[in-house]
Every structure is written in C-alpha cells, then in structure tokens.
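Q: Dropping the structure in here first, questions after.
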C-alpha cells in the first residue's frame with residue numbers, strides 16, 4: 001500500500017509537468033529578407049540560416065541570426081555591410097525575444113490561417129528596441145509557417161551612414177520574415 | 001497488489017516520457033544560440049582592395065566582377081614648385097581585374113612606362129578562418145607577364161620578341177590579425193628574358209612586406225616595402241617603399257600614396273626603382289578602383 005501511495009504521488013507530480021507539454025516549434029533555416037528602397041538604389045539581402053523557436057503554450061518566441069549570413073547579390077556590398085555598417089565581427093548577432101500575444105487563439109492541431117500580434121525586443125548592434133508586428137501563422141499537416149513584416153530605421157540601431165551614401169540607404173528598411181517551423185518532440 | 005504496482009510503474013514511465021519535452025522546455029528556447037561556432041567563419045576584408053599600394057594583396061574580385069583600375073604616379077617631389085611638386089609629369093597604368101571565380105582572377109593592363117602590356121593570373125588557395133581549429137592565414141599564388149613594346153634600342157641587331165618579355169611570380173601570405181590590422185609577406189621572383197649585360201642576373205629574388213591599419217571603418221593607412229636581396233641589382237638601385245591611404249566610398253576605392261617607384265607593374269617597381277626616400281626622390285600617386293558587376 002505504501003508503494004501505491006508513493007507511485008500515486010510521483011504520478012501526480014508527473015502529470016503536473018505534462019499538462020504544459022504543448023511543445024516547441026523550431027527551425028534553424030528560417031528566412032529573413034531586408035529591403036531598402038530609395039530613388040537612387042534598391043538594396044536587398046537574404047538570410048536563410050535564421051534560428052528560431054516558439055512555445056505553443058505560452059507563445060514565447062525567439063529569433064537569432066548571424067549578420068554575416070545575410071547574402072547580397074554583390075560581393076562588395078556584402079563586405080561593406082559587414083565591415084562598415086554592421087561591424088559584424090564586433091556585433092555578430094541580431095536577436096528577437098518576444099511573445100505571440102494571442103497564442104491561445106491559434107489551434108496548432110487544426111489546419112488553417114491565424115493571425116496574432118507579436119511583440120518583443122529586437123537587438124541589433126547591442127541596441128535593443130521594442131518591435132510590434134502582426135504575424136500570420138499557417139498551420140498545415142502539423143507544420144507551421146509564420147510570416148511577418150515590419151520596418152526599422154538603421155539610425156536607431158547605431159548604424160553609422162556617411163552623408164555621401166545616405167541617399168542610397170532608406171531610413172525605413174523593410175524586414176520580411178518567412179519561417180517554416182517543425183514540431184519538436 | 002502486485003499487478004497494480006506494475007500497471008502504475010508502466011503508467012508512470014509513459015507519463016514521464018510524455019513530459020520529457022516539456023521538462024527540457026526551459027532550456028529549449030535558450031538552446032537557440034548554442035551551436036554557432038559550427039558555421040565556418042571565413043575572414044573577409046583583410047585589405048580594402050586587391051592592391052596594397054603597388055603590389056597585389058591577397059584580396060580577389062568576386063566571380064563575374066570586373067575591377068577597373070587607373071593608376072597614376074606623378075613626377076618627383078623634390079623638383080619643387082616649378083613642376084608643382086611633380087604634378088606636371090605623370091606615368092599611368094590602365095587595366096582591370098576580372099573574377100572567373102571568387103578565387104581565380106585574371107587581369108590585364110597597359111602602362112606608359114616602357115609601353116608595357118601586362119597580364120596576370122591569380123589564385124587564392126587558402127582562406128583564413130576565425131574558428132578555433134582555423135586556418136591562420138590566407139594565401140595566393142600570382143604570376144605576371146609583362147611585354148615591353150618600346151621600339152628596339154638597336155634595330156640593326158637580331159631582336160627577338162621573347163626579349164621583350166619579363167615574368168614575376170609571387171606567393172602572397174597574409175593574416176588579418178584584428179579588425180584593424182592586417183599584414184602580408186610576398187616572396188617574389190622576377191625573371192627578365194633580356195638583361196643589359198652578361199654579369200646581370202636574369203632572375204631576381206625579393207621579399208615584399210605590406211601592412212594596413214584601419215583608422216576609420218572606411219579609411220586605412222598602408223605601407224609596402226619590397227626588399228631585393230643584395231648583389232642582384234645596380235648600386236644605384238633602391239628598394240620600393242610606399243606609404244599611403246585607402247579611402248573606400250562604396251563602389252570605389254581611392255588609394256593615395258607616396259612612393260619612390262615609378263612603374264605600376266611588378267618587374268618595374270621591384271627591380272627598376274631608383275628614387276631614394278632620403279633625397280626626397282619620391283612621387284605622389286593614386287589608384288582608383290571601381291567594381292562593375294556582370
């Protein structure tokens with residue numbers, strides 16, 4: 001009988017944990033694109049190695065990517081991006097730490113398209129700013145695709161742009177996020 | 001009783017297995033940033049451009065890019081104001097480097113000095129990485145050919161075309177020590193098919209040294225020195241020493257410098273330099289590089 005009690009106790013503890021097992025959705029190959037439009041020049045680059053994960057139960061979401069993984073069409077532009085603007089040896093990463101506000105309205109067990117605000121803190125070059133955007137979550141066969149766009153101003157993140165080049169770089173750079181998450185077991 | 005215990009045991013096992021991912025959950029999100037060292041981290045921008053001053057750096061132009069270069073060296077400074085410190089005279093080279101691949105470049109040029117046409121093939125076979133188990137240096141092999149197209153000094157002689165040719169072979173070894181500081185060693189062999197007399201060697205060995213220090217993200221100070229090993233050149237020959245700045249403005253790199261050499265091609269500045277720095281026998285010069293994409 002004593003044994004039974006111990007087992008029951010353990011059982012209760014174990015169930016306490018399991019009630020939270022909504023699971024983690026994760027990938028190491030997310031996509032982030034940025035696009036700077038000015039009348040003089042359009043500049044765009046893609047990062048296909050974005051690490052990101054979100055928790056299905058509390059909606060916590062995180063991103064991390066290496067600055068040097070942004071790929072440009074022009075090799076020289078990529079070099080200048082890393083060397084002069086982002087100083088990627090000193091500040092190798094950009095990160096986002098936030099929450100999918102209405103995670104409870106997203107039924108990850110049911111195919112469909114859901115939207116939710118995503119709020120959090122974006123850190124680039126050691127400067128952290130609040131960012132709010134609307135995420136679109138498409139659930140299909142247990143996979144979750146997430147898309148979002150927002151704009152940021154490079155001057156907010158300690159990116160110094162010489163006057164001569166300033167007309168070529170937008171102060172409202174469009175960031176587009178496109179992630180295919182898989183469920184982690 | 002026994003059966004109940006066994007059932008409970010299995011139930012508990014299942015429950016624990018199910019709860020396993022959620023137990024890990026707390027670490028899971030912070031695990032995001034763990035295995036970053038796995039990406040191979042190639043060092044970029046050891047130098048601003050593919051020349052240090054006169055000589056090549058280990059930088060190559062990317063695939064399908066053409067780097068158009070105009071190089072000027074003015075007259076000597078010590079002639080004073082009458083020549084506006086040398087600006088009244090100039091020698092120049094026009095040419096370009098082309099990327100067949102990111103690591104294999106070819107280039108051609110034409111200089112006013114000895115009406116020389118030059119060409120080279122350049123291959124980067126080692127790239128410095130930043131990882132712990134890393135490649136500590138970048139290395140390049142480069143071979144140049146030069147054709148002197150001046151009219152023959154003695155037309156009555158039996159002059160052969162091959163006498164116009166000279167070659168330079170170099171191994172360039174460079175390391176980016178920090179964001180700001182890079183240095184390069186360039187063991188060099190110059191071969192001249194024709195020399196002035198029997199006593200003069202056809203092969204001349206030299207060791208080049210180059211370094212750059214960044215003073216702003218877009219400006220560097222460069223120094224370059226070619227040491228020709230003794231007893232190979234005339235007594236009045238000098239080693240080429242150049243000091244300058246790289247100024248990068250996006251698509252262009254401007255290199256402004258002082259040098260005691262005249263010729264903007266390898267055989268010329270390594271073996272034919274006569275100017276002495278301490279006599280003020282130096283020249284102002286610049287290279288303009290502009291990259292075009294195809």
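Just so it is clear, none of the values below were taken in a lab; they were calculated from the coordinates. The model shown is predicted, which means the values in this text are computed figures rather than measured ones. Here Cβ is always computed from backbone atoms with ideal geometry, including for glycine, and neighbour counts include all displayed protein chains.
Q: If a paramagnetic tag sat 7 Å from the Cα of residue A:97 along the Cα-Cβ line, which residues of region A:117-142 would have the backbone N under 17 Å from that point?
A: Residues A:119-132 qualify, since their backbone N sits under 17 Å from the label point.
Q: Can I ask one more? With a Förster radius of 30 Å, plug the Cβ-Cβ distance of residue A:171 and residue B:103 into 1/(1 + (r/R0)^6) and report the FRET value to the nearest 0.05.
A: The pair residue A:171/residue B:103 has a calculated efficiency of 0.20.
Q: As I understand it, the value is the acute angle between the Cα axis of helix B:2-31 and the longest principal axis of the Cα atoms of chain B; what does it come to in degrees, rounded to 10?
A: The two axes meet at around 30 degrees.
Q: In addition: Could you tell me the extents of the protein assembly as shown's C-alpha atoms along the three principal axes, largest first, rounded to whole Å?
A: 117, 53, 37
Q: Can you put A:111, A:130 in order of Cβ neighbours within 10 angstrom, beginning with the fewest? Walk me through the numbers on the way to the answer.
A: On the way: A:111 12, A:130 9.
By the 10 Å Cβ count, ascending: A:130, A:111.
Q: Give me the distance in nm between label points sitting 7 Å out from Cα along the Cα-to-Cβ direction at residue B:10 and residue A:129, one decimal.
A: Output for this residue pair reads 5.9 nm.
Q: Could I ask something else about it? When only alpha-carbon atoms count, how far does chain B stretch along each of its three principal axes, as whole angstroms with the largest first?
A: Per principal axis, max minus min of the Cα coordinates gives 119, 44, 40 Å.
Q: Under the rule a/c < 1.5 gives rounded, and otherwise a/b versus b/c splits prolate from oblate, where does region A:51-185 land using the Cα gyration tensor? Write out the running numbers ahead of the final one.
A: Details: a/c = 2.34, a/b = 2.12, b/c = 1.10.
Prolate.
Q: Follow-up. Along the Cα→Cβ direction, 7 angstrom out, place labels at residue B:252 and residue A:41. What is the inter-label distance in nm?
A: Placing both labels 7 Å beyond Cα along the Cβ direction yields 1.3 nm.
Q: Label residue A:184 and residue B:151 with points 7 Å out from Cα along Cα→Cβ: what is the distance between them in nm?
A: My value for the distance between the label points is 8.0 nm.
Q: R0 = 30 Å: FRET efficiency of residue B:89 with residue B:162, Cβ-based, nearest 0.05? Mind dumping the intermediate values first?
A: Details: r = 32 Å, r/R0 = 1.05.
E(calc), rounded to 0.05, equals 0.40.
Q: Return A:108, B:141 ranked ascending by Cβ neighbour count within 10 Å, so the fewest neighbours appear first.
A: Numbers: A:108 20, B:141 14.
Least to most surrounded, the residues fall as B:141, A:108.
Q: Let me ask you something else. Mind giving me the FRET efficiency for residue B:197 and residue B:278? R0 is 30 Å, r the Cβ-Cβ distance, nearest 0.05 is fine. Provide the component values of the computation, followed by the final result.
A: Details: r = 29 Å, r/R0 = 0.96.
The formula returns an efficiency of 0.55 here.
Q: Further question on the same structure: Distance between Cα centroids, region B:161-210 to region A:53-72: provide it in whole Å.
A: Comparing the Cα centres of region B:161-210 and region A:53-72, I get a distance of 50 Å.
Q: In addition: Arrange B:59, B:156 by Cβ neighbour counts within 10 Å, fewest through most, would you? Working shown, then result.
A: On the way: B:59 25, B:156 6.
Fewest-to-most Cβ neighbours within 10 Å comes out as B:156, B:59.
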